[in-house]
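For reference, the structure is listed below as structure tokens.
FYI, it's all coordinate maths here, none of it is from the lab. Note that this is a predicted model, so its numbers are computed, not measured. So basically every Cβ, Gly included, is an ideal-geometry build from the backbone, and we count neighbours across all protein chains shown.
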Amino acid sequence: MDKNWDFALQKSYLEIYNEQVHDLLNESPKNLPILEDPVKGPVVQGLIETAIKSPQEIIELINIGNSRRVVAETSSNKFSSRSHAILILNLQKKHRVEDPNKIIHAKLVMADLAGSERACVSGNKGVRMLEGGNINRSLLALGNCIKMLSEKAPKICEIQTFVCSNR
């Protein structure tokens, strides 16, 4: 590797469960708001970004986050993921000599989506049925965004999360 370059890698890991955003790297997760930054785009306020020094650290943090992810037994699956998980890696590099004030950014976003569910097939009732409805709603919104983007229509695609309340 060229010694004239400085690199920094940061990682964050979140889940969307029942239309709420939780930080999987925070021991006390709470619903985090999504804000629109004019420069960065959508930003999850309060999301922990952890500096990464080695590949092993990434694996350890993924394991921690996975252990905090919401899973439950359903009639279809003993360990069914009840949330969507999103892993974000941010890489920054700058040249020490040529232009030390210029920072180049790259972002890799990976998503593990919960599978769609049909209540009549899964037999889920109560909380599991409500979770399934939220999973399906968010997958439908994502599908609609992908469809609009693939059609190259001049539309703005926005996925919003809503807080659900038990009645």
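Normalised by 2.2 N^0.38 Å, where N is the number of residues, the C-alpha radius of gyration of the stretch 1-69 stands at 1.30. Shown in residue order for the stretch 3-15 are the 3J(HN,Hα) couplings computed by the Karplus curve 6.51 cos²θ - 1.76 cosθ + 1.60 at θ = phi - 60°: 6, 7, 10, 10, 10, 9, 10, 10, 10, 9, 8, 9, 10 Hz (x for Gly and Pro). In the structure shown, the pairs Lys53/Lys78; Lys53/Lys102; Lys11/Lys78; Lys11/Lys125; Lys3/Lys40 are assessed against 32 Å; a Cα-Cα span above that value is assigned to Lys53/Lys78; Lys11/Lys125. In order along the stretch 47-64, the phi-based Karplus estimate (6.51 cos²θ - 1.76 cosθ + 1.60, θ = phi - 60°) of 3J(HN,Hα) comes to 6, 6, 10, 9, 5, 10, 10, 8, x, 4, 4, 4, 4, 4, 5, 5, 5, 4 Hz; Gly and Pro are listed as x. Taking θ as phi - 60° and the Karplus parameters 6.51, -1.76 and 1.60, the scalar couplings of the stretch 97-105 work out to 9, 5, 8, x, 8, 8, 10, 9, 10 Hz in sequence order, x denoting glycine and proline. Sorting 83-90, 65-72, 29-36 by their mean Cβ neighbour count within 10 Å, with the most densely packed peptide first, gives 83-90, 65-72, 29-36.
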